[in-house]
Amino acid sequence: ESKWGEKHLKYGMPILKEWKYSPFTAGYNLHRHQSHLMCLYPFSQVEENSPLYEAAVNSLRQRGDISTGWSLGWKMNLWARAHDGDHAHLILRNALRHSGYGGGTNYSEGGGVYYNLWDSHSPFQIDGNFGVTAGIAEMLLQSHGGVLQILPALPSQWPAGSIEGLKAEGNFTVSIEWQRSRPTRVIIENVKGAPLRVKSLSDLTKVRVTNQQGKAVKVKRVSGKSDVYDFKSKAGDVITIRY
C-alpha cells in the first residue's frame, strides 16, 4: 500500500508528497501535522500560477478540518493563502467552538477554546490563539511577493465590514472598508517609501485615488499583469482608494 502522498492515483488527483515520513503521519491523511505545506504558507514558494499549487491545495483538503491548537491556526492561514475564504471561516468556527477536551492526548476530540478564550490544546497553547488571529488578517490582506491583495479570502459570511491598521510586507499600514463582498475604500500608509503595488479585480486607473493632500495619485497597470497596479508614492504618503 502506498504511503500518504506517494502515488497521485491513489486519490485520483495530484497531491503534494510529504517531505518527511513518520509512523504517525505517513498514510494517515487526517493528521494535524502538515509540514510539507510550508511551501504554501508561510514561505510563499507555491503561488496560484505554480504547477504545484493544485497539488498543495489537494493535500490540504485531504488533511481534513478537525484539529487543535497551532494546527487549526495554520490550517486557517493555509486556506486563506489558497484564497478559499469560506473554508478558512469553517476552520475559524472550529477554533472558536467551546472545548469539550477532558485531558489525555486524544487530539481528535479536543480543540476549540475555553470560556476565557484560551486555546484548548493539552491544556493550553498560545500558538492556537495567535495563529487564528493571523489567519483572520490573512483572509483580509495578503502582501507576499511584493503585491498587496485586498480581501483575497473574504468569506461569504462577512459581506460587509471594516478593519483598521493591518500591516503589510514593505511596512505598509492598511485599512479596508467593504460592502457586498467588494472593497469600497482602502487607505494605505507607505511608512518607509517602499514600491507600492496592488492587485485588484477593479481597474484602479479608473477609480479615485488620492494622497493625504487630496491630490490625485498616478496609477498604472503593470505590464503583462491585467490585475496588478503600481502607485506613485513616497515615505509618509497616505493613499486612499475609493472604489
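The values are calculated or read from the model by the stated rules, or taken from the named source; none is laboratory data. As the structure is a computational prediction, the values presented were derived from the model and not from experiment. So basically every Cβ, Gly included, is an ideal-geometry build from the backbone, and we count neighbours across all protein chains shown. Ligands, DNA and RNA are stripped out before the accessible areas are found, and what is left, the full protein with its side chains, is counted by its heavy atoms. Shrake-Rupley method; radii C 1.70, N 1.55, O 1.52, S 1.80 Å.
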For this session: Run through all the Cα pairs of the chain and give the fraction in each 10 Å bin from 0, expressed as whole percent.
Result: 7, 28, 30, 21, 11, 3, 0
Exercise. Could you give me the ³J(HN,Hα) list for segment 203-215, computed from phi with Karplus coefficients 6.51, -1.76, 1.60 and θ = phi - 60°, whole Hz, x at Gly and Pro?
Worked result: 6, 6, 7, 10, 10, 7, 10, 10, 9, 5, 8, x, 8
Exercise. Rounded to the nearest 5, what is the percent of antiparallel bridges among the DSSP beta bridges in the chain?
Worked result: 90
Problem set entry | Amide H contacts under 5 Å for Leu196, placed H, 5+ residues apart | Phe231, Ser233
Problem set entry | In order through segment 34-45: 3J(HN,Hα) via Karplus (6.51 cos²θ - 1.76 cosθ + 1.60), integer Hz, x for Gly, Pro | 8, 4, 6, 9, 4, 5, 7, 8, x, 7, 6, 8
Exercise. What full-extension length gain, to one decimal in nm, is calculated for Ile126 and Gln45 as 0.36 nm per residue of separation minus the Cα-Cα distance?
Worked result: 26.5 nm
Exercise. Hey, what do the phi angles of segment 133-145 turn into as Karplus ³J(HN,Hα) couplings, whole Hz, using 6.51/-1.76/1.60 and θ = phi - 60°, x for Gly and Pro?
Worked result: 5, 4, x, 4, 4, 5, 5, 9, 7, 10, 9, 5, x
Problem set entry | Restraint check, Lys75/Lys167; Lys75/Lys220; Lys17/Lys192, Cα-Cα greater than 28 Å | Lys75/Lys220; Lys17/Lys192
For this session: Enumerate the amide H contacts of Thr184 below 5 Å, restricted to partners 5 or more residues apart or on another chain; note that Pro and chain-start residues carry no placed amide H.
Result: Glu177, Trp178, Gln179
Exercise. With every protein chain kept in the model, how would you rank Arg180, Arg242 by accessible area, 1.4 Å probe, largest at the top?
Worked result: Arg180, Arg242
Exercise. Can you work out the FRET efficiency for the pair Met38 and Asp86, with r the C-beta to C-beta distance and R0 = 22 Å, to the nearest 0.05?
Worked result: 0.40
Seminar exercise, completed: Ordering 210-220, 68-78, 163-173 by per-residue average of other C-beta atoms within 10 angstrom, highest first, gives 68-78, 163-173, 210-220
For this session: Among Ser181, Tyr115, Leu204, pick out the residue whose Cα is farthest towards the positive end of the charge dipole of the chain, where Lys and Arg carry +1 and Asp and Glu carry -1 on C-beta, about the Cα centre.
Result: Leu204
Problem set entry | Cut-off under 5 Å, modelled amide H: who pairs with Trp158 long-range | none
Exercise. Can you give the accessible area of His87 in Å² (nearest 10), computed on protein heavy atoms with a 1.4 Å probe?
Worked result: 40
Seminar exercise, completed: Dividing the helical contributions, -39500 (n - 2.57) per DSSP H run of n ≥ 4, by the residues of the chain yields a 222 nm value, nearest 500 deg cm²/dmol, of -6500 deg cm²/dmol
Exercise. When we measure straight from the Cα of Lys206, which aspartates and glutamates land under 18 angstrom away, once same-chain ones fewer than 8 places off are left out?
Worked result: Asp227, Asp230
Exercise. Using +1 on the beta carbon of Lys and Arg, -1 on that of Asp and Glu, and nothing else charged, what's the dipole of the chain about the Cα centre, debye to 20?
Worked result: 860
